[in-house]
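*Asks:* Here's a structure for you.
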Amino acid sequence: MKFIDLNDIVPAVAAGTRSRALATGAEANEYDEITATIPSLREWPEAFIAAGARHRARGREAERSGDTAAAVEALFAAAALFHLATCVPHPGRRGHREAAEAMKEGLRISEPTATYISGASFVGVLRRAPNLASAPLVIIVPGLDSSKEEFRYVADALALQGLATLSIDGPGQGELAESLPLRADYTPVVSEALDAIDDLRNADWSPSRIGIAALSLGGFFGTTALAQEPRLKAGLIVSGPHSFDWEQLPLPVTDTLELRLGSVTAARQFADAIDLTDMESSITQPVLIVTGGADIIPGVAPAAILTDRIPSATHLFVEDGDHLLANASSSWIPQATQWLAFRLNPEADATGARNDQ
């Protein structure tokens, strides 16, 4: 039986997804009201898409009336709700395009300098402070059922530290979830994004150093990229895996892998490829690994193992943190983003501000 066909599972999924939903940008009362109306996971996507569509309509109306603040708020809320429609392994696979479009509309109003770039294996949004021509850049990598839209809050936190960000969707993620299958060898995706950044360099903008912030399964992608891509100078890995054990992975994970890869066989092969053991000796950059004590997913060995195997790795452990530590954002985001800012910009002081500004 597929996960979405399990009986009486909606309350557990709603509770397990709640902190992640709120971090993504959903409002608590609205999230609770939406999930309370869903009779089964088969109806989960449509409920969130309908809610997202209401916010999108309000946002567009607010923009037409000249209330840009209300427009941005509504469009970002729409993007969050559309994204939440994609967080169960549903064969309909709706919500990805809508989330990306709503976020793009919101950024067009709130941040006109945001630039969308793409290549054969990625789509990304580049956000850079117009007055910081040489600020460091962080590539943000999402995970199995996440997307660049989900981690706007991470990009916002990095921006507060004076960092530019490139949030990407790779194969099987976000905008590319339906057009390209997931791939375990993700470094070429990061390299393609870095090449695109190199092509954008000019007299007005040229990032001084580049790091990576990678979350959930993206943590594996980001760690392998650190091992193989010398242009990356530091890494932040949040709730990332060291390895997978297919036989122990929970049903939502195996169903999502099957959906994003097209078959059980391909999903098993992908899971077998998630193993950092051969990569450890190649990582020389400073790495901050963030994990939560309440993040216990069967079949997943946490990336915290790397702390004992890589001299340059530091472990930030939050005892009550769940997956992505979405329930404990204040316990890790300020510290982690400051850590990354300082590693990429050693002339900055402890607050992330440059000493010469």
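The values are calculated or read from the model by the stated rules, or taken from the named source; none is laboratory data. In this text the structure is predicted, and so the values were computed from the model without any measurement. Quick reminder, even Gly has a Cβ in these numbers, built from the backbone with ideal geometry, and neighbours come from all protein chains shown.
*Asks:* Quickly run through region 270-296 and pick out the residues that are touching a Ser or Thr at 6+ places or on another chain (Cβ under 9 Å) and of a type in the set (A, V, I, L, M).
*Replies:* Ala271, Ile274, Leu276, Met279, Ile283, Val287, Leu288, Ile289, Val290
*Asks:* Tell me which residues, restricted to region 146-163, are surrounded by fewer than 24 Cβ atoms within 10 Å (Cβ to Cβ) and either assigned to a loop (DSSP other than H, G, I, E, B) or in contact with a strand residue (DSSP E or B) (Cβ under 7 Å, 6 or more places away or on another chain) (or both).
*Replies:* Answer for region 146-163, where residues must be surrounded by fewer than 24 Cβ atoms within 10 Å (Cβ to Cβ) and either assigned to a loop (DSSP other than H, G, I, E, B) or in contact with a strand residue (DSSP E or B) (Cβ under 7 Å, 6 or more places away or on another chain) (or both): Ser146, Ala155, Ala159, Gln161, Gly162.
*Asks:* For Ala133, are the conditions met, namely being outside the structural domain of Ala102 (by TED's automatic domain parsing), modelled with pLDDT of 95 or more, at negative phi and surrounded by fewer than 24 Cβ atoms within 10 Å (Cβ to Cβ)?
*Replies:* no
*Asks:* Then there is this: Identify the single condition in (1) assigned to a helix (DSSP H, G or I); (2) out of contact with any Asp or Glu (no Cβ under 7 Å at 6 or more places or on another chain); (3) of a type in the set (A, V, I, L, M, F, W, C) that Val88 does not satisfy, given that it satisfies every other one.
*Replies:* Only one criterion is unmet by Val88, namely (1).
*Asks:* Which is over 28 Å from Ser179 (Cα atoms) and out of contact with any helix residue (DSSP H, G or I) (no Cβ under 6 Å at 6 or more places or on another chain), of Ala70, Ala62, Ala12, Ala57?
*Replies:* The unique qualifying residue is Ala12.
*Asks:* Touching a residue at least 24 places away in the same chain (Cβ under 8 Å) and assigned to a loop (DSSP other than H, G, I, E, B) - does that describe any residue in region 94-111?
*Replies:* Looking for residues that are touching a residue at least 24 places away in the same chain (Cβ under 8 Å) and assigned to a loop (DSSP other than H, G, I, E, B), one finds at least one in region 94-111, hence yes.
*Asks:* Mind checking which residues of region 327-348 are of a type in the set (Gly, Ala, Ser) and either surrounded by fewer than 22 Cβ atoms within 10 Å (Cβ to Cβ) or part of a strand (DSSP E or B) (or both)?
*Replies:* Those that are of a type in the set (Gly, Ala, Ser) and either surrounded by fewer than 22 Cβ atoms within 10 Å (Cβ to Cβ) or part of a strand (DSSP E or B) (or both): Ala328, Ser329, Ser330, Ser331, Ala348.
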